[in-house]
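The values are calculated or read from the model by the stated rules, or taken from the named source; none is laboratory data. Model, not experiment: these values are computed from the prediction. Positions of Cβ are backbone-derived with ideal geometry, glycine not excepted, and every protein chain shown enters the neighbour counts.
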Amino acid sequence: MASLKEMRNRIGSVKATQKITKAMQMVAAAKLKRAQDQAIAARPYASRMAAVIANLAAGVSGEGAPKLLAGTGSDQRHLIVVASSDKGLAGGFSSNIIRAARERINSLIANGKDVRVIAVGRKSRDQLTRMYGDKIVRTFELSEHKTIGLPSAQPIAELIADEFENGRADVVTLFYSQFKSVISQIPTAKQLIPAVVEGGAAPIDQNGAVYDYEPSEEEILDTLLPRNITTQILASLYENQAGFYGAQMGAMDAATRNAGDMISALTLQYNRSRQAQITKELIEIISGAEAL
């Protein structure tokens, strides 16, 4: 059984940990508001971009369609982009994203597909490198930039475009966590190439009007489709950032409450041990007095 001094030290250690987790919870809560605002603000732009592409794509077909929209006609080569966080202490936030990506990768490999992986964030880099080291194309660390922004998304988008244009990828899928609320972050798979129209991004209603585009729809799409990849990646990074702080705030709140429960249990055990020691000393004193 631990001595009273050891128990006092342990209680002090748990109290110190509780202070740290409480501070981290407050920091995550402060950062969550800004990250949530960024994620919500990025959604209309990404949705509108998809709507414009849907409207233009309606007038493009056959051999004139851009490859980013029509694809290569094959689905043998898959490029999986897995975006997680650089930091931990956020419960299963990154693990849930990586698990969803891993299931897709294993399924593709089982079906005889060629799979390559781009890991965004240290957590995805560390886990995926252990499992699919020979399939990693490149890794990106978000901490290289002070804040999430266009400089964070642009290199990833350029690498994806390069992989596709050089025939090393037929289908590109992005895995990230969609932010719903502080307690709900949903691992999501989004196909970037060939470009698809999201269910909520219906083509623009032209009210029966017929438009002539100058330059042509094909030329406009050639410009918009690469930009759409960057937009979708940037929006997913914002979603990830908000989800990470939400998950971290929840995890640190649970850790703080668990530390409080542990402190209560240890304090009760300490008091019982101290009382038992006092009782034992009193019995020894009384026994000694009676022996005299």
Given (1) at pLDDT 90 or above; (2) in a helix (DSSP H, G or I); (3) within 25 Å of residue 140 (Cβ to Cβ), residue 35 misses just (1)
If only one of 90, 42, 28, 100 is at pLDDT 85 or above, hydrophobic (A, V, I, L, M, F, W, C), under 21 Å from residue 249 (Cβ atoms) and surrounded by 15 or more Cβ atoms within 10 Å (Cβ to Cβ), which one is it?
28
Out of the residues in segment 172-207 that are among the small types (Gly, Ala, Ser) and modelled with pLDDT of 55 or more, which is nearest to residue 46 (Cα to Cα)?
195
Only residues that are farther than 25 Å from residue 162 by Cα and either among the aromatic types (Phe, Trp, Tyr) or out of contact with any strand residue (DSSP E or B) (no Cβ under 6 Å at 6 or more places or on another chain) (or both): list them for segment 91-106, please.
91, 92, 93, 94, 95, 99, 103
Among (1) under 30 Å from residue 189 (Cβ atoms); (2) buried (at least 19 other Cβ atoms within 10 Å of the Cβ), the one test that residue 253 misses
(2)
For residue 102, which of the numbered conditions (1) under 17 Å from the mean Cα position of the chain (by Cα); (2) outside any strand (DSSP E or B); (3) touching a residue at least 60 places away in the same chain (Cβ under 8 Å) fails to hold?
(3)
Checked segment 141-171 for anything crowded, with 17+ Cβ neighbours inside 10 Å and farther than 24 Å from residue 41 by Cα; matches are 160, 161, 163, 164, 169, 170, 171
